[in-house]
Amino acid sequence: MFTVKIMNEFIHSPLWIYDEDGIIDEPEFIANDAKLQDLCSKVENMFSSYYEFDSHNEPCWFNHEKEKAEKNIMLKLISCIKERLAEINDGNFVVEDLETERLKNL
C-alpha cells in the first residue's frame, strides 16, 4: 500500500508517491498513463509559471496574484487528476490531496 499525495512544487509533478519508508518511484501504471501524465504536466507547468526570476527586485519571486487568478483552472485540473487516479486505482494506494483546500483559501 502506498500514498499518492497531490501537492505543487516548482518543476515537479503534482504527484508525490510515498510508502511507509518515504518517497518512492512512480509505479509503472501511473508513469505510463498518458492521460494522467498530460494532466500532471499541465499542472506542473502552470504552477512553475508563477515563479519569476530577477523580478520585483528579488532573485526568485512567486506571483501570488497570477496563482489566485488561475485558481479555478488549477482546481479543475486537480479534480481531473483525482478522477483519473480513482479510475486506475486497483486498491493499492490512497490519495491525499494537499492542494485543493489551500487553493480554495486563496
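Of note:
- Test: residue in segment 3-20 that is open to solvent by 60 Å² or more (accessible area, probe 1.4 Å) and without any contact (Cβ under 8 Å) to a residue 24 or more places away in the chain: yes
- Search result, residues across segment 21-35 that are surrounded by 13 or more Cβ atoms within 10 Å (Cβ to Cβ) and under 24 Å from Tyr51 (Cβ atoms): Glu26
- Ala86, sole failed condition from (1) of a type in the set (A, V, I, L, M, F, W, C); (2) touching a residue at least 24 places away in the same chain (Cβ under 8 Å); (3) open to solvent by less than 80 Å² (accessible area, probe 1.4 Å); (4) farther than 16 Å from Phe10 by Cα: (2)
- Listed by position, the helices (runs of 4 or more DSSP H) enclosed by segment 11-106 that each have at least 2 residues that are over 25 Å from Met1 (Cβ atoms) and at pLDDT 95 or above are 34-48, 64-69, 71-88, 100-104.
- From the list Lys104, Lys66, the lone residue that is open to solvent by 50 Å² or more (accessible area, probe 1.4 Å), basic (Lys, Arg), within 16 Å of Glu9 (Cα to Cα) and in contact (Cβ under 8 Å) with a residue 12 or more places away in the chain is Lys66.
- In segment 35-56, the residues that are touching a Phe, Trp or Tyr at 6+ places or on another chain (Cβ under 7 Å) and among the acidic types (Asp, Glu): Glu52
The values are calculated or read from the model by the stated rules, or taken from the named source; none is laboratory data. Note that the structure is a prediction, hence the values are computed from the model and not measured. FYI the Cβ positions are ideal-geometry reconstructions off the backbone, even for glycines, and counts take in every protein chain you see. Side chains are part of the model used for accessible areas, which takes the heavy atoms of the whole protein and leaves out ligands, DNA and RNA. Shrake-Rupley method; radii C 1.70, N 1.55, O 1.52, S 1.80 Å.
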